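Written below as C-alpha cells is the structure these notes are about.
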Protein chains: 2
Amino acid sequence: MSAFAPLQADDVAIATIRTLSVDVVGKANSGHPGAPMGMAPVTHVLFSRFLNANPKNSKWFNRDRFVLSNGCALQYVTLHLLGYQLSMDDLKAFRQLDSKTPGHPEAGHTDGIEVTTGPLGQGFGNGVGLAIAQAHLAAVYNKDGFDLINNFTYVFCGDGCLMEGVASEAASLAGHLQLGNLIVIYDDNHISIDGDTNVAFTENVEQRFSSYGWQVLHVDDGDNDLKGMYNAIAEARQEKSKPTIIRLRTTIGYGSKQQGTHGVHGAPLKADDIEALKSRFGFAPDQKFHVPQETYDLYADFGKRGAALEAEWNSLLAAYGQKYPKEHAELTRRISGKLPEGWEKNLPVYTPADAAQASRKLSEIVLTSIIPSLPDLIGGSADLTGSNLTKVKGSVDFQPPSTGLGTYAGTYIRYGVREHGMAAIANGLAAYGAVVPFVATFLNFVSYASGAVRLSALSGHQVIWVATHDSIGLGEDGPTHQPVETGIALRATPNLAFWRPADGNETSAAYYVALESKKTPSVLSLSRQNLPNLEGSSLQKAARGGYVLHEEDNEDLTIVSSGSEVSIAVEAAAKLKAQGIKTRIVSLPCWLVFDQQDEEYRLSVLRSGAPILSLEASSTAGWQKYSHEQFGLPAWGASGPYQKVYEKFGITGSNIAVVGKKVVDFYKPRGKVESPLVKAFHL
Amino acid sequence: MSAFAPLQADDVAIATIRTLSVDVVGKANSGHPGAPMGMAPVTHVLFSRFLNANPKNSKWFNRDRFVLSNGCALQYVTLHLLGYQLSMDDLKAFRQLDSKTPGHPEAGHTDGIEVTTGPLGQGFGNGVGLAIAQAHLAAVYNKDGFDLINNFTYVFCGDGCLMEGVASEAASLAGHLQLGNLIVIYDDNHISIDGDTNVAFTENVEQRFSSYGWQVLHVDDGDNDLKGMYNAIAEARQEKSKPTIIRLRTTIGYGSKQQGTHGVHGAPLKADDIEALKSRFGFAPDQKFHVPQETYDLYADFGKRGAALEAEWNSLLAAYGQKYPKEHAELTRRISGKLPEGWEKNLPVYTPADAAQASRKLSEIVLTSIIPSLPDLIGGSADLTGSNLTKVKGSVDFQPPSTGLGTYAGTYIRYGVREHGMAAIANGLAAYGAVVPFVATFLNFVSYASGAVRLSALSGHQVIWVATHDSIGLGEDGPTHQPVETGIALRATPNLAFWRPADGNETSAAYYVALESKKTPSVLSLSRQNLPNLEGSSLQKAARGGYVLHEEDNEDLTIVSSGSEVSIAVEAAAKLKAQGIKTRIVSLPCWLVFDQQDEEYRLSVLRSGAPILSLEASSTAGWQKYSHEQFGLPAWGASGPYQKVYEKFGITGSNIAVVGKKVVDFYKPRGKVESPLVKAFHL
Ligand SMILES: [Ca+2]
Ligand SMILES: [Ca+2]
C-alpha cells in the first residue's frame, strides 16, 4: 500500500468541483448543491488516485465502476472534468429539457453513467450487482497471469440510501457473498431533507455493517483529511474477502454560509453565499462555471492514465486470446452483448399431444434446455427456488468458496427473501455487461421490488423475472399471495415486457423475445397449475406478442385472453360453437410486443366485425384497450383449491360461454362493431 | 419479575399445538407445518403466562397485540384453543373456499387476527405501528393512577421476515423511537424455503438489532427450555426504553422424522410421520384433530384471566370517566372509530377568485384546518416533510422524550427515508384503533411501499397517503421521480381510493371521503405546481368521485380528466368553443368512489351522445374504461422546468384543443356514440 502523495493542484481541483457544482445547480435553479460540496474531497481523491477508467471509452470492460447512489450534479461535474462526452454547455443545461444532464443520472442517456440513480437506495443495490458480476466473470475467465477482470466497484451513498430497505437487503447479501471488490463510501453528513438525521436515523451504522460481515472503516474529517481518505480507500482495496464501507464524516455544503444544515440540501445557494464561497476558495466571486486550466490539466492526466490502462488491458486480452482462444471467443462475445449463434434452436416446442404442464415447469424446461449453451445467464430466486423452479440440474451456486456451498464461477444466486434488493442487484448485473440476469419470486411479490423494476425499464437493463404463482391459480395461499393489480402495473410501465404465456410454445416465445431484447426487462408471469398445450400456438406466432390462436370466418365473437385463461377461452368457444356462436380466440401474451407490430397485423388480430371479450383472472383494468367487454376478478382472489377458486369467480368454460352469449346478444342490435384499436389518434 | 412455575399440563398443551397444526395442514393438504411445530413451546409460554387478551371480546382495547409475522396455521390453532370464534370445523376448513381460515391470516376476516400476515416482513412493520399507537395513546390519555393504555405488542417472526427490507426499516425506526412495549420473538430455526439459511443469511442478527438500539436476548433451546423462554419474555417486559428481540433457537418441525430440515417447511407431513409424531408425544397415532380436555380447560383458564382483566380495565375506564370526563369522552369516541361531530365543517372551500395553489399546499391547508379538532390524525413523511407539506404549524414530533425533540404525545412521526416500513407501520397504527394514520412521500415512491399498500387495502386499514409531486409537473427531478404507471397500479388495487384532486374544493373532498371511509385506504395524488380554483367545482360534487365540472347541451365532445390536467382541459374547451365545438368537462378525481355511485348518476356524467376524450399526464392505461379516446404520456416523462415538459408532451390547452377537434371529426361520421359505461354485463 503506497503512501499518499499530495499534489499542488489538489486543493484547486476540490474547490473547482465545489464551485462548479454550485454554479450548475444555481443556473438550473434546481437541484442539490450540498452533497457535491461535501463530497468533493473524497471524489477528488478517488478519481485522482484510484479510479481506473478511460473517459475516451466509457465502455472499456475492465473499468472500475462508480455509482453515485444519491445521484446528483456531482457526477456530471466529475465526468466533464475527466473528459467524458459532457461539455460545459451540457453542464449549463442541467435539468433542462432534452439535455444530457437530467435531474438525476440516467444510464444509457449520458456517457459514463453506469446506472440510474436518484431514487434512494437503488445505487447501493446496483453496486452489489456490479461487484457480483465482476467476481463471477473473474472466476470464470481469469487465468494464471491473466487477471483480466479485476475492477473495483465504488459506491457513494448518503444517509437516505442507508435508511432504505433495498440497501439493507443488498448489504446483507453482499456481506454473505464476501464481495471484496466492493467499496462503499458513506457520506455521513448528519443531514437529510427533514433536517438533522437524529430525528429518525440514530442507529449505529458501523455496527450494522459489521453485523453483515463488512469491513468497516471511518474517516473523521471528510472535509480536509485527504490522506485519511486515501488510506481508507487503499485499505479497503487490500481486503479481499469482505466488502468495505468507509464512514466519512463530512460537512454538507462545505464552504457555504449555511454549511452543515439542511438549508444546503435541496435548493440552490443564494447569490451572496455563492460569491462568498468562491472568494473563500480563491476563485473570482463573479465568475461562473470556471475551471482553472490546472484542474483540466490534472484531470486530463487521470484520463491519460485510464487510456494507458485500457491499452495495456487490450494487449492482455489479445495475449489471452492466443493462449485461451475458446474462453476469449466466449468472453468477447458476451462483452459484445450478442447471444451465441443459434441458441434459440434449443428452445422446446410442443404439440397439443404433449402433456399439460404448469408454465413455471415449462420455464424450468426452457432454462434446462438453454443454459448449457448460454453461460451468460446468471440468476436465482428470492428464497423460492423449489416453487419458481429456477435452479436447473447441475447448476452451481454462486457462493464464496470458503462456504463450501459453491464458487464464484457458479451461476445460481441465492438471494434470500430480498425481492427489492434482488431487483436492484440484477440491474447492477445487467449494467456490468457480459451477463444476462434472471430473478424469481411469486408474481405478487414483484411489487415488493417495484422501485427497482421501473428503473430496469427506464435504464434499459435486460433483467428477466421468473414470476410464478401468477393468479388465483395458486389456490390455497389465498388473496395475500394472489396478484390482482400487478399485471396492469407492469404493463403500464414503459419498456417493460410483461409476458403471460398460455402454454409451452408461448413460454418458449417469451424466453426467446426476452433474451433477444437487450434493452428491455421482461417479467414472465407463470402459472402454478397445469396448462394444456394449445392447438394453434407456435413460438413464432406468440413472439409477435399476440395472434389468432383459433380462427373463424364471420365470427360472432372474439375472446382475447392471456396465460392460464386462454385454455378456458378455448373451452368456452367450443360450448358456444355448439350453440351456433362462432368464436375466435386471440392469445395476447405480451401487450408491449403486440403494440410494436405493424398496424395491419394488429388490426387483423383484433379485427372489426364482432365484439371482443377479454378474459383474465386478474383486475380487468387496461383490457379495455383491446376489447369491448372485460371479464376478470371483481376484487380480491380467495383461498382454496384452485379449481374451486376459479369456479367461485366464474372463470370456467361454461360460465364464460354464458358471458360470451350475453356479449353477442348485447352487440347484435348494434350492427358492425369496430375494433377497439381503431382510434382517432395515436400517442 | 416472578419465577417460572411449570404446570403439569404444559407439555400436553404444547404437544396439542404441534399435533393439531400438523392435522390442520394435513387435511388441507397445503400449508406450513414446520414453523407451528417449532414455535409451539414459546407460543404456549406466551399465551399461558403473559398474553392479556379476552377471547370473548377480541376488540378489548387494552389487549396485548399478537402478530404472527410469518403468518400460518399456528395462529388459527391458538385462537381455537383460547376460545375465539373459531371452531374445530373452521380448523378443518383451513385453506378451503370461503372459510374463516384462509391460507394466511387476514385482519377483519377472522376473529382475533390483528393484522394480515404471510407476505414476509409486513407483520414486523405492523408490530412497530401497534407499539407506536400504544406509546402515543398512553402518553396522551394515561394519568396518575390510570395506566389505561399499557399493553404489549408481541411479534413472532422468522428468518424470512428479517431478511426483508421492510422489517429492517421498521426495526431501525423502532430502535430510534425506544419502543419499550414491543417484543419480537425471532424463530431462529436455520431453515428457509431454499434450505439452510447459511446459503443466504449469515449476518449476525443479534449485532444488527443492537446497532438499531434494541435490547437483544436469546434462548438456546427453544424446543424445551420453557423457563428460559419465560425469563426472556419477562426480561423483555422489564426494559421500558428499548424494544426487545429474543432470538429463540428452535427446531423446525420438531417431532417429525424430518425435523430441522426444509422438508417440513412448506408441505404437509407424510401419514407415517404424523403417526410416529403423535405416538412420540403420547397421542393416539390414528386420532386426528384431537385436543385433550385438560388442554381445553387450561386454555379456558387463560381466557378467564383475560376476561377478568378486561372487567378490571372497564372499571378503571369508568373511574377515569368520573375524574377526566373530557379525556374519557374523546378516548371512547376515538376507540369507537367515530370522528367528532361536525369535523367536516372545518374543511376549506374555495371559489375561482381564490389564488392558484399547488394541491400539496391545499393539502397542508386542509391538515392545518382539521388537525386541531382531529387528534386522531397521527402521521408524517418519509423524510420529505418540507416537500409534502405534512407538518402543520405547532405540531409536536412523536419522539422519545429523552431525545429532547418531542414527546410520545406528539403526532408528527419522522419516518426517515423508509417508505415501505412507513406503510407497514401505518397499517399497524390503523389496526390498533383510535388513531387515523397518514403517511407521505412523492407519488412515485409510494411504489417502494407497494407490498404494504395492497395489504392496507386487503385488510381495510384506513391509511391516508399524502402523495405529492404526482406527475411530470414536478419538472426538473425528471423521469426517475415522475410517476407514469403508479396511478393505474393504485386504481387497479381493490378497495383503494386513489384521489387526484384538481383544485381546492376537490382536495377538501378527497380528505372528506378519505376520513369518512373507515375501512378504505386512500392515496391523495397531489401536485407540486400551482392549480387554479375551478369554476364549477365543489366539495359535494367531487365527493361523488366524478362530476360534470362544465356542462354543455348537445355537446360535440366531453373531456374527462383528473388533477392538474383538469384546468388544461378547461383551457382546451374554451379554445374549442371559439371554433364552435361544444365541450363538456368531467372531473374524475376518484375512480373507486365514482364506480360506487348509482348507474343513473354515472351515465349522466359520462353520457352517451358525443365522444369522450380522457386527459392525464400519465400512462393512459385504464382510462379506456371511461372514455373513447385517451391522451397522456406515450412513455416516460422528462427533466426540465415543468411548463416545458408539459409542452413537450402536448399537454397544453392549445394542443388538447387540436386533439379534441381530431376526435370530434373522427367520430362525426360514426353517428351517435354510446357511453363507454354502457356494457353487456358488469362484474
Ligand atoms: Ca445526508
Ligand atoms: Ca426460518
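Every number here is computed from the coordinates shown, using simple stated rules; none is lab data. Quick caveat, the model's predicted, so the values are computed rather than measured. Positions of Cβ are generated from backbone atoms using ideal geometry, with glycine treated the same way; all protein chains shown enter the neighbour counts.
Brief remarks follow.
- Net charge of Cβ neighbours under 14 Å - reference A:Y186; Lys, Arg +1; Asp, Glu -1: -4
- Estimated from the Cβ-Cβ distance and a Förster radius of 22 angstrom, the FRET efficiency linking A:K393 and A:N142 is about 0.25.
- Label reach from B:D89 (point 7 Å along Cα→C-beta): in the stretch B:100-114, amide nitrogens under 12 Å belong to B:100.
- Our note on the geometry: Cα centres of the stretch B:288-318 and the stretch B:463-506, 47 Å apart.
- Candidate lysines for bridging to B:K662, where Cα separation is under 28 Å - those fewer than 8 sequence places away on the same chain excluded: A:K625, A:K672, A:K679, B:K575, B:K577, B:K582, B:K625, B:K644, B:K648, B:K672, B:K679
- Per-pair calculated FRET efficiency, R0 = 41 Å: A:A308 and B:K644 via Cβ, rounded to 0.05: 0.45
- The fraction of Cα-Cα pairs per 5 angstrom bin, counted from 0 for the stretch A:512-596, comes to 3, 14, 23, 23, 17, 10, 6, 3, 1, 0 percent, rounded to whole percents.
- Percent of beta bridges antiparallel (DSSP, the stretch B:28-309, rounded to nearest 5): 10
- Taking 7 Å steps out from each Cα toward its Cβ at A:D98 and A:S241 produces label points 5.6 nm apart.
- Look at where the Cα atoms of the stretch A:603-637 and of the stretch B:41-76 average out, and the two centres are 45 Å apart.
- Rotation relating A and B, chain B residue nearest the axis via C-beta, angstrom: B:G165, 1
- Compactness of the stretch A:143-219 - radius of gyration and Dmax, Cα, Å: 14.9, 53
- Modelled label positions at A:A5 and A:Q540, each set 7 Å beyond Cα in the direction of Cβ, lie 6.6 nm from each other.
- The lysines within cross-link reach of A:K519, meaning a Cα-to-Cα straight distance under 18 Å and a gap of 8 or more places when in the same chain, are A:K59, A:K338.
- Packing-based ranking, highest mean first, of A:642-654, B:224-236 given that Cβ atoms within 10 Å are counted: B:224-236, A:642-654
- Under a model in which nothing but the beta-carbon of Lys, Arg (+1) and Asp, Glu (-1) is charged, the stretch A:545-682 shows a dipole of about 440 debye around its Cα centre.
- Theoretical gain in end-to-end length, B:E600 to B:D301 [0.36 nm per residue, Cα-Cα removed]: 102.0 nm
- Rounded to the nearest 20, the size of the Cβ-charge dipole of the stretch B:343-531 about its Cα centre is 300 debye, with Lys and Arg at +1 and Asp and Glu at -1.
- Cβ-based charge dipole, the protein assembly as shown, positive-most Cα from A:G637, A:T480, B:L79: A:G637
- Globularity index of the stretch B:545-682, i.e. its alpha-carbon radius of gyration over 2.2 N^0.38 Å: 1.01
- Alpha-carbon geometry of the protein assembly as shown: the Rg and the Dmax are 30.8, 93 Å, given in that order.
- Long-range Cα-Cα pairs in the stretch B:287-427 (distance over 21 Å), rounded percent: 65
- The translational diffusion coefficient of the stretch B:177-240, from Stokes-Einstein at 25 °C and 0.890 mPa s with a Kirkwood hydrodynamic radius over alpha carbon pairs, comes to 184 µm²/s.
- Other protein chain Cβ atoms within 10 Å, averaged over every residue that makes up B:643-656: 1
- Histogram of C-alpha separations across chain B, 10 Å bin width, %: 3, 15, 23, 22, 17, 12, 6, 2, 0, 0
- Teacher prompt: B:S241 distances to equivalent labels in other copies, 7 Å Cα→Cβ, nm: 4.1
- Applying a 4.7 Å Cβ-Cβ cutoff to chain A, the cysteines left without a disulfide-compatible partner are A:C72, A:C590.
- For the stretch B:343-531, the spread of Cα positions along the three principal axes, ordered from largest to smallest, is 43, 36, 32 Å.
- Neighbour net charge for B:V417 - beta-carbon separation under 12 angstrom, K R +1, D E -1: -4
- Label point of A:N57 (7 Å along Cα→beta-carbon): distances to the other copies' equivalent points are 7.8 nm, sorted ascending.
- Summarising the label geometry, the points placed 7 Å from Cα in the beta-carbon direction at B:E275 and A:K518 lie 6.2 nm from one another.
- Dipole of the stretch A:343-531, positive end: most advanced residue of A:A426, A:T368, A:S527 [Cβ charges, Cα centre]: A:A426
- Most to least packed among B:333-343, A:99-109, A:265-275 [average Cβ atoms within 10 Å]: A:99-109, A:265-275, B:333-343
- As an equivalent ellipsoid, the stretch B:28-309 spans semi-axes of 29, 23, 17 angstrom, where each value is the square root of five times an eigenvalue of the C-alpha gyration tensor, largest first.
- Using a 7 Å Cα-to-Cβ projection, B:A574 label spacings across copies, nm, ascending: 6.3
- Shielding by partners, peptide A:98-106 (average Cβ within 10 angstrom, other chains): 5
- Peptide B:417-423 - average C-beta neighbours from other chains (10 Å radius): 6
- Under 21 Å of direct C-alpha separation, and excluding same-chain neighbours fewer than eight residues apart, A:K240 reaches these lysines: A:K143.
- Cβ-defined net charge surrounding A:K92, 10 Å radius [Lys, Arg +1; Asp, Glu -1]: -1
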